[in-house]
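Written below as structure tokens is the structure these notes are about.
The values are calculated or read from the model by the stated rules, or taken from the named source; none is laboratory data. None of these values were measured; they are calculated from a predicted model. Note: ideal-geometry Cβ built from the backbone for every residue, glycine included; neighbour counts use all protein chains shown. Quick note on the areas: whole protein, heavy atoms, side chains included, nothing else; ligands and nucleic acids left out. Shrake-Rupley method; radii C 1.70, N 1.55, O 1.52, S 1.80 Å.
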Amino acid sequence: MIVVLAAGAALLFGALAVTIRLSLARGIDPEAASFITAVVACLVCVAVAAVLGDFSGLSWRASWPFFVAGIWVPGISQMLFTRAVGAIGPSRTAILVGISPVLSSAFAILLLDEPFRIVLAVGTALVVAGGTLLAWERGGPAALLRVGAGLAVSASVLFAARDNFVRWAATENDVPGVVAAAASLASASIVILAVVAVRSAPVMRIRRAARPFLLSGLVYGLSYACLFAAFDRGRVTVVAPLYATESLWAVVISAVVLRRSERVGARLLVAAGLVVGGGALISSFR
């Protein structure tokens, strides 16, 4: 069951990037799209938690780290991720986001006094090699590729910071995983709504994004529920490497669904393999 949940979370996260690309039609605001995605995902996690009975006897005071973390991830990160998918496509965005295990480990060594291991250096080398292959890739406006890559890497930095913050604040925390996911998505929804509301015609932009992004929200919610449920039931060394394959799934699904528009070639597949391998290696020994 743990393997199924972790692998399912990776598959769904990979599919999420593709559904975002398919739904980002002209005229749809990326921030409004992110809001719909987060709200629907939150409702999915609340429903799953209710079915599992995770709300009974819950101490809401213990859930504060997840509400705080949700401001950044998936709050701000989801907006960056959505814009990156629109700029450089789902597969390239997912690969760049896949560098987060390297950043997470670096933050942990610098801020949480975690020990440095040789396996970290090997994993980092693999991830850097994959990122270098992407940097050498040609095709498409250079400025757009740089902007998209910057958005994706920024989202990855936030993922890494979130991982270490929650790890520090939630030590021996007994909040059920799916409830933690719902808490993060709830605060994320509020943050994204505030961003949407700053600009003109927020209601119209949300209505325009509502129907196209219902599927993305459903996929996102199920992926979060699977991931947190897997961490609840299994060891990090089992769940994290399986989850790290999300980038590879994004490339595979993009190649099948988007075909030529995504330009999935040998270079991209090798880059995905290097990033996934490095991320899985690092995650296995943390």
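What residue, of A10, A38, A94, is of a type in the set (G, A, S), touching a Ser or Thr at 6+ places or on another chain (Cβ under 8 Å), farther than 21 Å from V178 by Cβ and crowded, with 21+ Cβ neighbours inside 10 Å? Can you show your working first?
On the way: A10 fails: farther than 21 Å from V178 by Cβ; A38 fails: farther than 21 Å from V178 by Cβ.
Going through A10, A38, A94 in turn, the sole match is A94.
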query: Does G221 satisfy the condition of being farther than 30 Å from D29 by Cβ, surrounded by 18 or more Cβ atoms within 10 Å (Cβ to Cβ) and under 18 Å from the mean Cα position of the chain (by Cα)?
result: no
- line: Selection from the stretch 249-265 of residues open to solvent by less than 70 Å² (accessible area, probe 1.4 Å) and out of contact with any Asp or Glu (no Cβ under 6 Å at 6 or more places or on another chain) yields A250, V251, V252, I253, A255, L258, E262, V264, G265
- request: Just name the residue that is modelled with the lowest pLDDT out of those in the stretch 178-218 that are exposed (fewer than 15 other Cβ atoms within 10 Å of the Cβ) and basic (K, R).
  value: R199
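For the stretch 85-125: of the residues being among the aliphatic types (A, V, I, L, M) and in contact with a Lys or Arg (Cβ under 8 Å, 6 or more places away or on another chain), which is nearest to F35 (Cα to Cα)?
Let us first name the residues in the stretch 85-125 that are among the aliphatic types (A, V, I, L, M), namely 85, 87-88, 94-97, 99, 102-103, 106, 108-112, 118-122, 125.
Applying the additional criterion that residues be in contact with a Lys or Arg (Cβ under 8 Å, 6 or more places away or on another chain) yields 85, 108, 112.
Working: V85: 16, A108: 30, L112: 33 Å.
Among those that are among the aliphatic types (A, V, I, L, M) and in contact with a Lys or Arg (Cβ under 8 Å, 6 or more places away or on another chain), it is V85.
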message: If a residue must be surrounded by 12 or more Cβ atoms within 10 Å (Cβ to Cβ) and either assigned to a helix (DSSP H, G or I) or modelled with pLDDT of 80 or more (or both), how many such residues does the stretch 104-131 contain?
response: 19
